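The values are calculated or read from the model by the stated rules, or taken from the named source; none is laboratory data. Because the structure is a prediction, the values reported are computed rather than measured. Positions of Cβ are generated from backbone atoms using ideal geometry, with glycine treated the same way; all protein chains shown enter the neighbour counts. For the accessible areas, the whole protein counts, side chains as well, though only heavy atoms, and no ligand, DNA or RNA atoms are used. Shrake-Rupley method; radii C 1.70, N 1.55, O 1.52, S 1.80 Å.
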Amino acid sequence: MGVEGGHMIGNDLGMIRIFAALGIRYMTLSHFYNNEWADSSTDKPAHNGLTDFGKDVVREMNRRGMLVDISHVADKTFYDAMELSKAPLLASHSSCRAVCNHPRNMSDEMIKALAAKGGVIQINYERSFIDQAYKDAYERETGGVVSHLADLTRKCNNDEACISREMTQLTAKLTAEGKLPHVSWQRIIDHIDHAVKLVGADHVGLGSDFDGADMPEGMEDCSKLPRITQALLDKGYSDGDIRKILGENTLRILEQAERVSRELRAKQ
């Protein structure tokens, strides 16, 4: 279980301890907007990364065995967390900026830094994160995901079901009208392959984002996941490397976070 967005601790380190006791094993430091201690990748910088309190959040997460998730964070927030964390970092649902230049994706330099510290980038399947033509067309038609989400939030009066329904209907309409290009699930493989070639199969996983993103054609739900396995086999990936990508890498860093927690708490 995870918490997506550090705003949900309410600026209270005690909430990290409570979440950890409840079984939460990772927390995304920010979400679409900055919180009071961490800058987001899709908001205007307000803190130059992490504030002093934000750095205390990372330290407390290390002590409690919670993975520090750097999806959604600004680049400077990522590097601040990298410098501080004693455990590997997780990018729970981010893709590769070199393949699709979206601020929610990670640059090659960031992916290399993440891997150097043992971390894992889990590829997001969102159409605008994996396909440049779609991302450019979507921004042209809607003004971008953050602006569009803000408009829908007002229109739907914060009703998440309404927001999701409106977004789905609009993207379907724009695609049918030819204003948005079709995106194949195979673009996911391009991002996996790019990251593996960059840092090796030990540092790549699957981030999906099935519950909150616009899926590419052919990867509408988890029943389609075997297509990824078959595509990697077809590209010549070994069974061992595929198992790592499908989940073993993430299990490894969860175990490492727990080990770091034991070591830090033993010193208290």
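Some observations on this one:
- Checked against the criterion of being open to solvent by 30 Å² or more (accessible area, probe 1.4 Å), at pLDDT 95 or above, over 19 Å from Asp193 (Cβ atoms) and part of a helix (DSSP H, G or I), the candidates Glu255, Glu248 yield just one match: Glu255.
- Residues in segment 135-176 that are open to solvent by less than 70 Å² (accessible area, probe 1.4 Å) and of a type in the set (S, T, N, Q): Thr142, Ser147, Thr153, Ser164, Thr171, Thr175.
- In segment 222-239, the residues that are open to solvent by 60 Å² or more (accessible area, probe 1.4 Å) form no Cβ pair under 6 Å with any partner that is not in a loop (DSSP other than H, G, I, E, B), whether six or more places apart or across chains.
- Of all residues in segment 105-134, those being surrounded by fewer than 22 Cβ atoms within 10 Å (Cβ to Cβ) and not hydrophobic (A, V, I, L, M, F, W, C) number 7.
- Total residues in segment 132-170, condition within 19 Å of Cys100 (Cα to Cα) and among the charged types (D, E, K, R): 5
- Flag if Arg63 is open to solvent by 40 Å² or more (accessible area, probe 1.4 Å) and in contact (Cβ under 8 Å) with a residue 60 or more places away in the chain: yes
- Among residues of segment 171-204 being in a helix (DSSP H, G or I) and of a type in the set (Asp, Glu), the one that is nearest to Cys100 (Cα to Cα) is Asp190.
- Members of segment 117-142 found to be of a type in the set (Lys, Arg) and in contact with a helix residue (DSSP H, G or I) (Cβ under 7 Å, 6 or more places away or on another chain), listed by number: Lys117, Arg127, Lys135
- Among all residues of segment 16-32, there is at least one that is of a type in the set (A, V, I, L, M), buried (at least 18 other Cβ atoms within 10 Å of the Cβ) and closer than 21 Å to Met110 by Cβ.
- Taken over segment 150-173, the criterion of being under 22 Å from the mean Cα position of the chain (by Cα) and farther than 24 Å from Tyr134 by Cβ is satisfied by Ala161 alone.
- Condition check for Ser71: in a loop (DSSP other than H, G, I, E, B), small (Gly, Ala, Ser), buried (at least 19 other Cβ atoms within 10 Å of the Cβ) and in contact with a Lys or Arg (Cβ under 7 Å, 6 or more places away or on another chain): no
- Comparison of Ala46, Ala87 shows that the only residue that is open to solvent by 10 Å² or more (accessible area, probe 1.4 Å), assigned to a loop (DSSP other than H, G, I, E, B) and modelled with pLDDT of 95 or more is Ala46.
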